[in-house]
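Everything below concerns the one structure shown next.
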Amino acid sequence: MLETVSKGFKAAKNRLAGKAEITAELVDESLRDIRVSLLEADVAFEVVKKFVANVREKAIGEVVTTTLTDKQGKKRKISPGDHFIKVCHDQLEALMGPVDTSLKLKPKGQISGIMMIGLQGSGKTTTTGKLAAKLLKEGRLPMLCAADIYRPAAVDQLRV
């Protein structure tokens, strides 16, 4: 999934490589690459539509500074492609937004359920073990159930 999304952003940046100016046509062509890659990665159509509209609004008509001073005080040359990717990055951050990552657990003494779901190899078992250790430190009594029938070692991993 991430390969599909990054492929679209790379294609968009390559489309802008060597260009001295970001035109509306170039932005639209680049956004088409990004739109296709996001939709191929199963991002909801409304989310893609909103993201593309926000990027288009920010990218068109904005004055691009060609040099930037980094944290070490060195001057760096910025291309329109770099600027476009920065606009995309900022809009992705805005789209994700600040999220409340706290767990909404029932009071101690009551049972709370947490289901870990994700792609194979994404770290669910490891995260579950770390979450159990955190809950133990908070004085809770976690009970783990390894339901991965295709990976018997998951049970041993949870025990550890």
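The values are calculated or read from the model by the stated rules, or taken from the named source; none is laboratory data. Note that the structure is predicted; figures quoted are calculated from it, not measured. Positions of Cβ are generated from backbone atoms using ideal geometry, with glycine treated the same way; all protein chains shown enter the neighbour counts. Calculation scope for accessible area: heavy atoms of the full protein, side chains included, ligands and nucleic acids excluded. Shrake-Rupley method; radii C 1.70, N 1.55, O 1.52, S 1.80 Å.
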* Measure nothing fancy, just the Cα-based angle from helix 45-59's long axis to the longest principal axis of the chain, in degrees from 0 to 90, nearest 10. => 40
* Over the chain, what percent of the accessible surface lies on carbon and sulfur atoms, probe 1.4 Å? -> 58
* To do: For the chain, find the longest principal axis of its Cα atoms and tell me its angle to the long axis of helix 24-40, 0 to 90°, nearest 10.
  => 20
* Taking only Cα atoms, what is the 0 to 90° angle, nearest 10, from helix 2-16's long axis to the longest principal axis of the chain? -> 10
* To do: Would you mind getting the accessible area per residue of the range 88-137, heavy atoms of the protein chains only, 1.4 Å probe, in Å²?
  => 83
* Per 10 Å bin, what is the whole-percent P(r) computed from every C-alpha pair distance within the range 17-90? -> 18, 47, 25, 10, 0
* Structure fact -> For the chain, averaging the sequence separation of alpha carbon pairs under 8 Å that lie six or more residues apart and dividing by its residue count, the contact order in percent is 18
* Directionally averaged projected area (convex hull, Cα atoms, the chain), nm² -> 14.0
* Range in the chain, longest, excluding exposed GluC sites (Glu not before Pro) [loop by DSSP; at most 15 other beta-carbon atoms within 10 Å] -> 63-137
* Asked: Which order do 49, 13 take by accessible area at a 1.4 Å probe, largest first?
  -> 49, 13
* In the structure shown, do any of 104/134; 108/130; 86/124; 50/104; 7/130 have a Cα-Cα gap over 21 Å, and if so which? -> 86/124; 50/104; 7/130
